[in-house]
Amino acid sequence: MAIMTKGKLIYEGKAKKVYETDDNELVIVSYKDDATAFDGLKKGTIAGKGVINNKMSNILMTHLEKCGIPTHFVEELSDRDTLVKRVKIVPLEVIVRNVSAGSFSKKYGVPEGIPFEEPTIEFSYKNDELHDPLLNEYHAIALKLAEKDEIETIKEYSFKINAELKKLWKTHGITLVDFKLEFGRLPDGKIVLADEISPDTCRLWDSKTSKKLDKDRFRRDLGGVEDAYIEIMKRLCE
Ligand code: UDP
């Protein structure tokens, strides 16, 4: 592969920057240490997070590719930078849950940590102005956010991703509680997994102690944020 260098900055989000490359079909994602929570109301930095999220997301996407899930991942370029396929993001956040936590517990008035017999899936409309409202698949189709067959593909991939990641984390003594996914369309319309899979986007608990090894330590001021990111990465590499 030709040496890929960063061109024009095309997008800067809360945790990542995206740069053009010489190849119109590829972009470079650069992971930052910045962290936000509660719709951007809480801001901070988690030292070293960008390096961990970059490497973890790449390990997990490589694993998922082997399991038959198409992803945007192409090649890790450095500690913080990864070459990915350029996609048009489907403006849906897909959340899969195995155990009650977070907004699920709050909304339905159940304690955190209750395992489900079957995983759940929910969608929200990726729209900052509207604060990412929850919607169902009929709403998504009505709003032309995705076609019916694309939603079927997204659901199928999401449950498969859950099954594979749950299994993988279990071998490292970690419970995959819940996570958020984003998908994109390649120029030919094919749906691929995009964005990131990291402690920023997953709830990951030690299976024995239930210690939280994810962004909830930052959201909830639990302390030991940096150490938790280091520990979860170490666990994945064990
Ligand atoms: N999540 C995310 N980005 C969001 C909202 C949620 O990555 O904008 C992840 C979050 O880290 C958790 C899962 O999706 O692993 C479910 O989050 P939940 O709906 O419980 O919301 P929260 O309690 O985090 O507000």
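The values are calculated or read from the model by the stated rules, or taken from the named source; none is laboratory data. Worth saying up front: this structure is predicted, and the values here are computed from it rather than measured. A quick note on method: Cβ atoms are made from the backbone with ideal geometry, for glycine too, and the neighbour counts reach across all protein chains shown. Each accessible area value is taken on the protein alone, full model and side chains, heavy atoms only, with ligands, DNA and RNA left out. Shrake-Rupley method; radii C 1.70, N 1.55, O 1.52, S 1.80 Å.
Restricting the search to the range 67-120, which residues are in a loop (DSSP other than H, G, I, E, B), without any contact (Cβ under 8 Å) to a residue 12 or more places away in the chain and more than 16 Å from the ligand (Cβ to nearest atom)?
Across the range 67-120, the qualifying residue is only Ser78.
Of (1) closer than 16 Å to Cys202 by Cα; (2) out of contact with any Gly (no Cβ under 6 Å at 6 or more places or on another chain), Ala35 satisfies all except one. Which?
The number of the failed condition is (2).
Tell me, which residue of the range 35-55 that is under 18 Å from Glu12 (Cα atoms) and of a type in the set (Val, Ile, Thr) is least open to solvent (accessible area, probe 1.4 Å)?
The residue in question is Ile46.
Among the numbered conditions (1) over 21 Å from Val177 (Cα atoms); (2) more than 11 Å from the ligand (Cβ to nearest atom); (3) of a type outside the set (S, T, N, Q), tell me where Asp128 comes up short.
(2)
If I filter the range 56-66 down to residues being in contact with a strand residue (DSSP E or B) (Cβ under 8 Å, 6 or more places away or on another chain) and without any contact (Cβ under 8 Å) to a residue 24 or more places away in the chain, which single residue comes out as surrounded by the fewest Cβ atoms within 10 Å (Cβ to Cβ)?
My answer is Thr62.
Quick one: what pairs do we get from the range 35-55, first residue at positive phi, second part of a loop (DSSP other than H, G, I, E, B) and at pLDDT 95 or above, C-beta under 6 Å, 6+ apart or different chains?
Asp39/His131
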